[in-house]
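The values are calculated or read from the model by the stated rules, or taken from the named source; none is laboratory data. All figures in this text were calculated on a predicted structure; none of them were measured in a lab. Positions of Cβ are generated from backbone atoms using ideal geometry, with glycine treated the same way; all protein chains shown enter the neighbour counts. Each accessible area value is taken on the protein alone, full model and side chains, heavy atoms only, with ligands, DNA and RNA left out. Shrake-Rupley method; radii C 1.70, N 1.55, O 1.52, S 1.80 Å.
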Amino acid sequence: MAERSVRDSSAPRRGIGRPLVESQARPLQEPAGRTDQPRLIAATASALVPGVGQAINGQLRLALLFGGPTVALVIAAVLWARSDQPTMLLAQIIAPPVLATLLVLNVVLLGWRLAAVINAFVDRRYPRRPGRLGAIALVFLLLVTAAPHALAWKYGTAAQAMFAHIFSDSDGRSNSATPTPTAKERLNVLLIGVDSGPGRTEALTDSMIVVSLDPVGRTVSMLSIPRDLANVPLANGNVFGPKLNSLMSFARRNPAEFPGGANRALMGAIGTMLGIPIHYYATVNLGGFVGMVNAVGGVDINVRRPLSDPNYGGFGVGPGWSIGPGPHHLDGANALAYARIRKSIGESDFTRAARQQEVLVALRNHAVGAGLLFGLPKLLAAVGDTVRTDLPPDRLPELAALAEQIDGASTVKLILDAPFIKSGGTTQYGSVYVPVLPRIRAMAQVVFGTPGADPTWPVPSPGPRPSSPASSATP
């Protein structure tokens, strides 16, 4: 009997020992639904700042593991916020050498954040299975966490597509003898407006503007070249007799004479005429220009005098177009009409050139302004469809920084008119102008002169303009 009583006393008592063992295995005995709120608080905290949810759950080692990258991101965000050149930083990020790496890191970071959220939600201190509302809330939280990464992927892939298009000719510089300028030298770019709209049998050179960026003086010089200029010297020593706006078409038809291609033929001719190197070109399709203006939300233009042409039309406006004096906010189609119309009373190719420069400056102002973030993919797509250039992509951050620092007040805008050109009369090519080379090159030495020097041409009004050629009927 004694032996039996000893055995009975050593056995665990029903109702006392068993609950004690269960409480040590599962510290939280509430139903699953009652634990949804604390576990969602922890998961939300880790969605906002990875590692905080783990700290709330008492998992300090995991908190440090997930919080390390968080600290690095916070530091990067602070540096970004304190930068006074966000456009340059954005250009550095979307530049091709960096962008591909950042897209991969974006996916890795997304996985890291999702892991932090799930880890905080399923911590062992909570029941294995959450309540139904808790599970639904977790799915919603994961979607919200992934949303900015999806947006970053959308922006990044749009930038990649843009670069694939606009820099598609970057590898062709072997045909150009122009040396690449250093970071302290002037960078001269020829902007070529190409009209390939409906009714055109071939793409026409609608506008030619030399844009020179001075990285030392932080200024931009813009010089518009008349389309009807003839007898322009070529880089190979010959002279091009027809109108300059037909040179690119002529070069395409005669590739043996212009092995560098049509764009570089025009670059060489204008550079030779001015006596300066033209380092790069950028062609802009006029139809795509409409999309670029729309992508930045339009441009603000202060119209100085009324314009009206009952026959103007194309690219979404007309037939007929007019505008009154005063401030206007123009969408892409109307901004293009403002830049192109020239048959209004008192207007000519020269006044039109001035309006083209005005629109370009206005486009720059909106492109670097605030509120563009959510329209960035649309702008990148429009630029990719519109612009082609041989500018090296690695110079993009430098140019973005200059664009951010140089406003309209630091831009010198000129038009190549009298006394730098004179009437050439009526020829087999129609009424033309001819360049006065000594005067042109003297002016170019000032406007495109030594970096840091004042680029302002000293003569405010160079003289009476020659009359517009009567044969220039192209709208």
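Phe250 meets each of the listed conditions (1) in a helix (DSSP H, G or I); (2) in contact (Cβ under 8 Å) with a residue 24 or more places away in the chain apart from (2).
In region 191-212 there is at least one residue that is under 21 Å from Leu402 (Cβ atoms) and not β-branched (Val, Ile, Thr). Residue check: Leu223 meets all listed conditions (1) surrounded by fewer than 24 Cβ atoms within 10 Å (Cβ to Cβ); (2) modelled with pLDDT of 90 or more but one, namely (1). For beta carbons closer than 8 Å, sequence separation of 6+ or different chains, a first residue in region 135-164 that is closer than 24 Å to Lys378 by Cα and a second that is at pLDDT 90 or above and open to solvent by 60 Å² or more (accessible area, probe 1.4 Å), the qualifying pairs are His149/Val107; Trp153/Val107. Name every residue in region 100-129 that is small (Gly, Ala, Ser), surrounded by fewer than 17 Cβ atoms within 10 Å (Cβ to Cβ) and closer than 16 Å to Gln54 by Cβ, in order of residue number. The answer is Ala115, and nothing else. For region 158-170, indicate whether the set of residues that are modelled with pLDDT of 80 or more and of a type in the set (Ser, Thr, Tyr) is non-empty. No: zero hits. The residue list Ala337, Ala265, Ala256 contains one member that is open to solvent by 50 Å² or more (accessible area, probe 1.4 Å) and aliphatic (A, V, I, L, M), which is Ala256. Being assigned to a helix (DSSP H, G or I) and at pLDDT below 80 is a property that Ala91 has. Confirm whether Gly271 is touching a Lys or Arg at 6+ places or on another chain (Cβ under 6 Å) and within 21 Å of Val232 (Cβ to Cβ). So Gly271 fails the test. Within region 416-431, residues that are aliphatic (A, V, I, L, M) reach partners that are modelled with pLDDT of 85 or more and not in a strand (DSSP E or B) with beta carbons closer than 8 Å, at six or more positions or on different chains, in the pairs Leu416/Pro226; Leu416/Ile440; Ile421/Pro226; Ile421/Val436; Ile421/Ile440.
Any chance region 130-140 includes a residue that's assigned to a helix (DSSP H, G or I), farther than 30 Å from Thr389 by Cα, among the aromatic types (Phe, Trp, Tyr) and open to solvent by 30 Å² or more (accessible area, probe 1.4 Å)? Scanning region 130-140 turns up at least one residue that is assigned to a helix (DSSP H, G or I), farther than 30 Å from Thr389 by Cα, among the aromatic types (Phe, Trp, Tyr) and open to solvent by 30 Å² or more (accessible area, probe 1.4 Å). Within region 227-247, restricting attention to residues that are touching a helix residue (DSSP H, G or I) at 6+ places or on another chain (Cβ under 8 Å) and in a loop (DSSP other than H, G, I, E, B), which residue is surrounded by the fewest Cβ atoms within 10 Å (Cβ to Cβ)? The qualifying residue surrounded by the fewest Cβ atoms within 10 Å (Cβ to Cβ) is Asn236. Just one of (1) within 21 Å of Asp206 (Cα to Cα); (2) open to solvent by less than 60 Å² (accessible area, probe 1.4 Å); (3) modelled with pLDDT of 75 or more trips up Ala382, so point out which. All conditions are met except number (3).
All conditions but one from (1) touching a His at 6+ places or on another chain (Cβ under 6 Å); (2) within 30 Å of Pro392 (Cβ to Cβ); (3) small (Gly, Ala, Ser) apply to Gly271; the one that does not is (1).
Okay, residues lined up against (1) under 19 Å from Ala230 (Cβ atoms); (2) outside any helix (DSSP H, G or I); (3) open to solvent by less than 20 Å² (accessible area, probe 1.4 Å); (4) at pLDDT 75 or above:
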site: Gly424; (1), (2), (3), (4): yes, yes, no, yes
site: Arg439; (1), (2), (3), (4): yes, no, no, yes
site: Asp454; (1), (2), (3), (4): no, yes, no, yes
site: Pro458; (1), (2), (3), (4): no, yes, no, no
site: Ser468; (1), (2), (3), (4): yes, yes, no, no
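Tyr281 satisfies every condition listed in (1) at pLDDT 90 or above; (2) surrounded by fewer than 21 Cβ atoms within 10 Å (Cβ to Cβ); (3) not in a helix (DSSP H, G or I) except (2).
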